[in-house]
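The values are calculated or read from the model by the stated rules, or taken from the named source; none is laboratory data. The shown structure was predicted, so the numbers you read here are calculated from the model rather than taken from an experiment. Ideal geometry is used to build each Cβ from the backbone, glycine not excepted, and the neighbour counts take in all protein chains shown.
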Amino acid sequence: MVGSRSTSKTAVYAALFGNLGIAISKLIAALLTGSTSMWAETYHSFSDTLNQILLLLGIRTSKKKGTERHPFGYGKEQFFWSFIVATLIFGISGVLSLEQGLGSLLGSEIHRLENVSISYLILAISFVFEGNALRIALGLFKNAIEDRGEKFTILSVIKEFKESKDTSILTVVVEDSAALLGITIAAIALYLSDITGNLMYDAVGSILIGCTLMAFAFFLARENKELLIGESISKRDYKLLFNSVSGISEVNKIISIRTMHLAPEDVLIAIEVSLIDNLDTDAIELVIDKIENTIKQVIPYAVSSKIYVELERPK
């Protein structure tokens, strides 16, 4: 799993400050050029800035201690706010970009294109900032992969992306990837409209940016939904946990392992086992302690209060 909350905040802060500066720059370029693609990118960057603030809010509120009403804490706040971010990407960036492009394409809005060189400059600067934010987020993936002794490859990144429970990092990676793709689309659309004089390309660019953002937002919302309703630990951790507990000499077999992430580094683990015969009460208690300690070795962030070891009941 990708590191701690502090590393998540590093990636989010990098994206926040980068997006704020980019959003203001794009707004100026959109006002000066009148490009619908630049307006689409402006909506995108301002939405991303708001999104980073919400992610930081999620990280902050998820740290609250458990209460009588929420005995397992508020870790899922992070998943909730990441889900809200996904809907905002869809609702604000995606829909407004699509609306802007369709309005221009269908002739329902006045569309002009001036000072195109300014847009090229802003897009180039934006690409550098977005690329840097993405580099920081991917660097956290790289650290997690190499800490396990694996090589940092495209396949290992994809696997880490699928199995990571840190929605803040996932959101930053998705947003920045969408941003880089959006910048590329905007630049191509502007160039085609500039050399041909046909503003249709600029309008289509805005539509493509809107569709891209909606696709990324849908993917992100689906990932967060799984965590909100209760996603288990990764297949890698499950296999390691199963093998480690099975290796305890007093354990006859494992009946079931049920897990649920309450936060990126907070998990509920319930395991049912069958023990060998002829163990007295004291021996059984020692085995249960051994199972719990084994679980904490495999899942370092697991805590005793959220580990439940149940013995198979006689049928």
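For residues that are among the charged types (D, E, K, R) and farther than 19 Å from Val204 by Cβ, tally how many sit in region 27-47.
0
Scoring Val267 on the criteria (1) at pLDDT 90 or above; (2) surrounded by 14 or more Cβ atoms within 10 Å (Cβ to Cβ); (3) more than 23 Å from Gln78 (Cβ to Cβ) leaves a single failure, condition (3). Exactly one residue out of Ile59, Ile24 is among the aliphatic types (A, V, I, L, M) and farther than 19 Å from Ile183 by Cα, and it is Ile59.
Using the structure shown, decide if Lys253 is within 20 Å of the chain's Cα centre (by Cα) and surrounded by fewer than 17 Cβ atoms within 10 Å (Cβ to Cβ).
In short, no.
Considering each of Ser156, Ser104, Ser193, Ser168 in turn, give the residue that is of a type in the set (Ser, Thr, Tyr), closer than 18 Å to Thr42 by Cα and part of a helix (DSSP H, G or I).
Values: Ser156 fails: closer than 18 Å to Thr42 by Cα; Ser193 fails: closer than 18 Å to Thr42 by Cα; Ser168 fails: closer than 18 Å to Thr42 by Cα.
After applying the criteria, what remains is Ser104.
On the basis of being in contact (Cβ under 8 Å) with a residue 12 or more places away in the chain and in a helix (DSSP H, G or I), does Leu241 make the cut?
The answer is yes for Leu241.
Cβ-Cβ below 6 Å, separation at least six or inter-chain, first residue in region 184-210 and in contact (Cβ under 8 Å) with a residue 60 or more places away in the chain, second surrounded by fewer than 17 Cβ atoms within 10 Å (Cβ to Cβ): which pairs? From residues that are in contact (Cβ under 8 Å) with a residue 60 or more places away in the chain, there are no pairs.
Residue check: is Leu286 of a type outside the set (D, E, K, R), in the same structural domain as Leu241 (by TED's automatic domain parsing), assigned to a loop (DSSP other than H, G, I, E, B) and on the phi < 0 side of the Ramachandran plot?
Spelling it out, it is not the case that Leu286 is of a type outside the set (D, E, K, R), in the same structural domain as Leu241 (by TED's automatic domain parsing), assigned to a loop (DSSP other than H, G, I, E, B) and on the phi < 0 side of the Ramachandran plot.
Summed over region 51-89, residues that are among the hydrophobic types (A, V, I, L, M, F, W, C), buried (at least 22 other Cβ atoms within 10 Å of the Cβ) and over 15 Å from Asn224 (Cα atoms) total 0.
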